[in-house]
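Enquirer: Provided herewith is a single structure, encoded as structure tokens, for subsequent inquiry.
The values are calculated or read from the model by the stated rules, or taken from the named source; none is laboratory data. The structure presented is a predicted model; accordingly, all values stated were derived computationally and were not measured. Note that each Cβ is placed from the backbone with ideal geometry, even for glycine, and that neighbours are counted across all protein chains shown.
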């Protein structure tokens, strides 16, 4: 009995190693995820893109992911584990992985890295992100039209430029509809924590907000808004099933085409370190259908989307007045330049809040 | 009929010693069943968890890196627990140590200071951790406040204080508002033991701490006092040992070690101060302390074992696509069995039959 068990064990181990060798000639592509793949938001969208990648190139590549990797000391090890497991192209999908990714990239010059939403690059480390502020601008227009109280509720994650520029774009748009529009901002200080996100949504509604928008990753706020009969925008993914009568639209992260393009470049040997910052025109993100709004609001949103996509409308069109009442320097001709948006560290006029740390 | 736990008249020392091994054995059996239900090959999964990380130098280094803070904190906690003082707030002491040490690193950043920086950071971190731990200790001794509650609550205070610092005054001016300090200068970081690796001097210090506490407990009168006060408080009183003084002492030592671990983690593998520097080391260390039977050598082994489950869990995710949640279930099951085995050494189940005729008498 004992011998047969040992034989079985040996057989199983051998079977495993045989499986490994047949996969060895495939390109290994690794992913580091911030949340669980079931967060239904940020990480979920990255994983959908990974699945699209597998569907497209599954016969040439093998993908592996590590989920729930905190943006802290463990990230470096997790990334290195993927390198050591033979992954040649590694996507690290959150801002906080920037320094760990760079550290590992410098250590392994022959492995290629793709870091989402960061600003540090290396000959073997690209960055990629999307101009979500364009989508936020459209949301701001809709929110101002739909809000009866004139108070918007905004759940922030971290006061980094990506989030701050989203708040500013929202308010610049909303002010074109209602110059007296107010926004209440709560910093959840997390990307993903359904409990905190729900609490924030409740607090915002209690303060009079009737349209909830978020820069955090779970559908918790949508559910609260739905319970309370308010309106809300989804984030990262289609959240309409959490608020069929609540969701106005949602900014959908659509990483699939980018991932496929980068992996194809890697397979062809043409991968180069690049900085990709795609807008609505590049399909790095999309808007979910405009729902729960009258036809004229829907039309306005669609027109704005078309204008932004065509490059006719820039959310940060000058003059931009800062919170201090002074105009912001206009480095991009008739709008702020990319550097100013990527490093945005100020609120525009009309935001009755103090930027944390300022 | 009722099921009650009854204290055993005598306890077997041998069983007490091997009980963690029984617990680990039972955990493995449970995991094999779980893997089978998940449709994963149990043998390959166990291999990924326990064997693969031990077969290459890189993983061994990572295990040591992960075990360093766990062992250091758990050693301090074991002194508290032996003396019947329940420090649950090592996480907070860890954070405060990290903050205090980082203060020097942040203030001297970019200046041309001497090599005294790192030693000063270590000393200040240990002192801050000790002082922070003294708050619940003094509250217990002076006012009889439950140290379990006060030490736990101070964790959140420390957490938010750190949060405030890195979002406000200490924030990296070039960090795009992300809540973190700038990277420490090389002179303010813990030196690496192996070039290109991540193993740092802290691992050696952890070993020294283990040895020092083993000597303290085994060879000194203070160590004897700590053990007697915990095991036989009445005897200790007759012996003239001052239990209150020992609460203060053990809390201070354990706070100092936690604070020390905090700055070593920050000035070592992390390299800067940020929220989330501890994925719950202070709490996991409680498991490590008990898994190691509150014995210094046992804690060293337990710390390495728990670190192995972290690294192995990651490898299982990569090699077998086993979700991370399974690793967490695994750690939970392990703690469950350790506690269950311990309980069953001291207690046994007994069926009690209530007198039915009396209870039915009224009807």
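Enquirer: Using the structure shown, decide if residue B:261 is at pLDDT 90 or above, within 23 Å of residue B:148 (Cα to Cα) and within 14 Å of another protein chain (Cβ to nearest Cβ). Steps first, answer last, please.
Expert: Details: at pLDDT 90 or above: yes; within 23 Å of residue B:148 (Cα to Cα): yes; within 14 Å of another protein chain (Cβ to nearest Cβ): yes.
In short, yes.
Enquirer: Can you name every residue in the range B:269-295 that is modelled with pLDDT of 90 or more, buried (at least 23 other Cβ atoms within 10 Å of the Cβ) and not in a loop (DSSP other than H, G, I, E, B)?
Expert: Once the filter is applied, which keeps residues that are modelled with pLDDT of 90 or more, buried (at least 23 other Cβ atoms within 10 Å of the Cβ) and not in a loop (DSSP other than H, G, I, E, B), the range B:269-295 yields B:281, B:282, B:284, B:285, B:288, B:289.
Enquirer: Mind counting the residues in the range B:49-103 that are outside any helix (DSSP H, G or I) and more than 14 Å from every other protein chain (Cβ to nearest Cβ)?
Expert: So in the range B:49-103, the residues outside any helix (DSSP H, G or I) come out as B:55-56, B:83-89.
Restricting the remaining residues to those that are more than 14 Å from every other protein chain (Cβ to nearest Cβ) gives B:83-89.
Count: 7.
Enquirer: Shifting gears a bit: Give the range A:270-297 a look and list any residue that's surrounded by fewer than 18 Cβ atoms within 10 Å (Cβ to Cβ) and part of a helix (DSSP H, G or I), or say none.
Expert: Matches in the range A:270-297: A:281, A:282, A:295, A:296.
Enquirer: So, residue A:177, is that one surrounded by 21 or more Cβ atoms within 10 Å (Cβ to Cβ), in contact with a helix residue (DSSP H, G or I) (Cβ under 6 Å, 6 or more places away or on another chain), at pLDDT 95 or above and more than 14 Å from chain B (Cβ to nearest Cβ) or not? First the steps, then the outcome.
Expert: Numbers: surrounded by 21 or more Cβ atoms within 10 Å (Cβ to Cβ): no; in contact with a helix residue (DSSP H, G or I) (Cβ under 6 Å, 6 or more places away or on another chain): yes; at pLDDT 95 or above: yes; more than 14 Å from chain B (Cβ to nearest Cβ): yes.
Against the criterion (surrounded by 21 or more Cβ atoms within 10 Å (Cβ to Cβ), in contact with a helix residue (DSSP H, G or I) (Cβ under 6 Å, 6 or more places away or on another chain), at pLDDT 95 or above and more than 14 Å from chain B (Cβ to nearest Cβ)), residue A:177 does not qualify.
Enquirer: In the range A:111-126, what count of residues is obtained for those that are closer than 13 Å to residue A:255 by Cα and under 13 Å from the mean Cα position of the chain (by Cα)?
Expert: Looking only at the range A:111-126, we keep the residues that are closer than 13 Å to residue A:255 by Cα, and these are A:114-117.
Subset that is under 13 Å from the mean Cα position of the chain (by Cα): A:115-117.
The number of residues fulfilling the criteria is 3.
Enquirer: Looking at residue B:319, is it within 9 Å of another protein chain (Cβ to nearest Cβ) and under 26 Å from residue B:40 (Cα atoms)?
Expert: Details: within 9 Å of another protein chain (Cβ to nearest Cβ): yes; under 26 Å from residue B:40 (Cα atoms): yes.
In short, yes.
Enquirer: Out of curiosity, is residue A:133 modelled with pLDDT under 95 and under 24 Å from residue A:162 (Cβ atoms)? Before the answer, list the steps.
Expert: Values: modelled with pLDDT under 95: no; under 24 Å from residue A:162 (Cβ atoms): yes.
So residue A:133 does not fit the description; no.
Enquirer: Another one. Find the helices (runs of 4 or more DSSP H) located wholly in the range A:59-169 whose residues include 1 or more that are within 14 Å of chain B (Cβ to nearest Cβ), closer than 21 Å to residue A:33 by Cα and in contact with a strand residue (DSSP E or B) (Cβ under 8 Å, 6 or more places away or on another chain), and list them. Show your work before the answer.
Expert: Values: elements: A:73-84, A:98-107, A:132-146.
Helices (runs of 4 or more DSSP H) meeting the threshold: A:73-84, A:98-107.
Enquirer: Just checking, does the range B:344-354 include any residue being within 10 Å of another protein chain (Cβ to nearest Cβ), in contact with a helix residue (DSSP H, G or I) (Cβ under 7 Å, 6 or more places away or on another chain) and at pLDDT below 90? Outline the logic, then answer.
Expert: Kept after step one, since they are within 10 Å of another protein chain (Cβ to nearest Cβ), are these residues of the range B:344-354: none.
No: zero hits.
Enquirer: Residue by residue through the range B:172-185, note down the ones that are within 14 Å of chain A (Cβ to nearest Cβ) and surrounded by fewer than 20 Cβ atoms within 10 Å (Cβ to Cβ).
Expert: To start, the set of residues in the range B:172-185 that are within 14 Å of chain A (Cβ to nearest Cβ) comprises B:172-184.
Result: B:172, B:173, B:174, B:175, B:182, B:183.
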